[in-house]
Amino acid sequence: MILSNGLQQFMIKQALDVVKGGPISSWIAATLGRANPLSLPNLLMSSKAYNSPHTGDRFAKHKTTAETIDAGAEEALSDHVLRLGGTDLIDDIIWKKEHGGDSLPWYKQLGGRVLHNRRTGPLGKLIGYPNSIFNSIMTSLTRMPHYNPYSDVSVNFMDEPALTQHELGHAIDFNTLTGSRGKDEGAVSKSMLGRLGAGTLRDLYTFAYGLGPVALWHEAQANVESRKALVQAYEESDRDPKKLRKILKRRAQVLPAGYASYIGAKLPGLPRFSAIPAMLAGKGYGLMVGDSPSHIEEKMGPIMMKRFNEALKKKKKAASATGKNKP
């Protein structure tokens, strides 16, 4: 009976959960983070960099964004957590909280998400503890959105859904790298050896981020995977194509500045402090392509572009009929 219940629990998909960050981290980000001059470059990405994403009706906005990405990401975001406004070291390294209605025995909670992340190998669990502590402190002080691959958690300190999408894109990239493909793309292997091998490869992919130019690949993939998930979610539902176009336009305006900062910081041969000039260049590029209809429509894909054009035709037809009926 116990074995049967355990297998049943294993087979149930643990869904993405969206939560508010821990109180200490959220307080640091809201006070010291805003006062820290190192957080000023965030304004180049978004004018909402100092607006918290977890207050008022903003939380619901980011939750909807995350659920849309999840709908187009197969199994890659199962058991993933998006935190808004702050990190949570208790959940990460001490006691894994029960997210999404899951009920966990104590031995699957002690040690936090780092220990119980089935997508990482032994190296990831070992390095995950000091890394999570350091990143929790530094990102709170700089209000820097990020993805923690060791605990499989995305964090956004800003009221900018494009950045929520980007961080979830990192999770999709990491979790589909060595996960199963096809119908259950991103699902965790059911065999211990499979999880060990896939987790070790995933850990190596994580470590490669520190090699400089490899970070550019990681950041590009986060943008690509989040956009693909968005488009797929819209294609598989009756969501308004005009809303997708609006979302993609905002992404085009926001994300290039962040990506350019990595070009300035990670490419060898560039002088120190190149990240800020690169961000300025990226911001200019983003504003330019954000006003380019052809660029946005290309990102929508043929299916959603067809729906968008059909919606425009219906609107014009309705407006024309209304005009003819006027006295």
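Quick check on segment 127-182: take the gyration tensor over C-alpha atoms, sort the square-rooted eigenvalues as a ≥ b ≥ c, and tell me if it's rounded (a/c under 1.5), prolate or oblate. Display every interim value, and only then the final one.
Details: a/c = 4.32, a/b = 1.30, b/c = 3.33.
Oblate.
Using only Cα atoms and rounding to the nearest 10 degrees, what angle (0 to 90) does helix 122-142 make with the longest principal axis of the chain?
Compared with the principal axis, the helix lies near 50 degrees.
Given Cα pairs under 8 Å that are at least 6 residues apart, what percent is the relative contact order of the chain? Walk me through the numbers on the way to the answer.
Details: 535 pairs, mean separation 58.3, N = 327.
Once divided by the residue count of the chain, the mean separation gives 18 percent.
For a quick check, take a GNM of the chain with Cα springs below 10 Å and name the residue from 252, 198, 60 with the largest mean-square fluctuation.
60
Based on the inverse mean of 1/r over its pairs of different Cα atoms, what is the Kirkwood hydrodynamic radius of segment 240-327, in Å? Provide the component values of the computation, followed by the final result.
Values: mean 1/r = 0.0652 Å⁻¹.
The Cα-based Kirkwood calculation yields 15.3 Å.
Mind sorting out which of [x] 6, 24, 34, 23, 9, 3, 1, 0; [y] 5, 20, 26, 21, 14, 9, 5, 1, 0; [z] 5, 18, 22, 18, 13, 13, 9, 3, 0 is the real P(r) over Cα pairs in 10 Å bins from 0, in percent computed from the coordinates?
[x]
Using the charge dipole of the chain (Lys, Arg: +1 at Cβ; Asp, Glu: -1 at Cβ; taken about the Cα centre), state which of 231, 41, 290 has its Cα farthest towards the positive end.
290
Net charge within 11 Å of residue 241 by Cβ-Cβ distance, Lys/Arg positive one each and Asp/Glu negative one each, not counting residue 241 itself?
Value of the local net charge: +2.
Hey, got a sec? Which trypsin sites (Lys or Arg not before Pro) in segment 184-233 land in a DSSP loop and have at most 14 other Cβ atoms within 10 Å?
190
Between helix 293-324 and the chain, what is the angle of the helix's C-alpha long axis to the longest principal axis, kept within 0 to 90° and rounded to the nearest 10?
40 degrees
Nothing charged except the Cβ atoms of Lys and Arg (+1) and of Asp and Glu (-1): what's the magnitude of the dipole of the chain about its Cα centre? Round to the nearest 20 debye.
Numbers: 44 positive and 30 negative charges, 262 e Å.
Rounded to the nearest 20 debye, it is 1260 debye.
Could you tell me which of rounded, prolate or oblate describes segment 39-126, using a ≥ b ≥ c as the square roots of the eigenvalues of the alpha-carbon gyration tensor, with rounded for a/c under 1.5 and, failing that, prolate when a/b is larger than b/c and oblate otherwise?
Prolate.
What residue among 121, 284, 21 shows peak mean-square fluctuation when the chain is described by a Gaussian network model with Cα springs under 10 Å?
Of the options given, 284 has the highest mean-square fluctuation.
For the chain, set up a GNM with springs between Cα atoms under 10 Å and report which of 79, 92, 291 has the largest fluctuation.
The residue with the greatest mean-square fluctuation here is 291.
Return the subset of 125/299; 61/97; 96/190; 48/246 for which the Cα-Cα distance in this structure is over 29 Å, preserving the input order.
Beyond 29 Å: 125/299.
Whole Å is fine, so just give me how far the alpha carbon centre of segment 266-327 lies from that of segment 86-165.
Cα centroid of segment 266-327 versus Cα centroid of segment 86-165: 34 Å apart.
Rule-based calculations on the coordinates, nothing more; no lab input. These figures come from a predicted structure and were not determined experimentally. We place every Cβ from the backbone using ideal geometry, glycine too, and count neighbours over all the protein chains shown.
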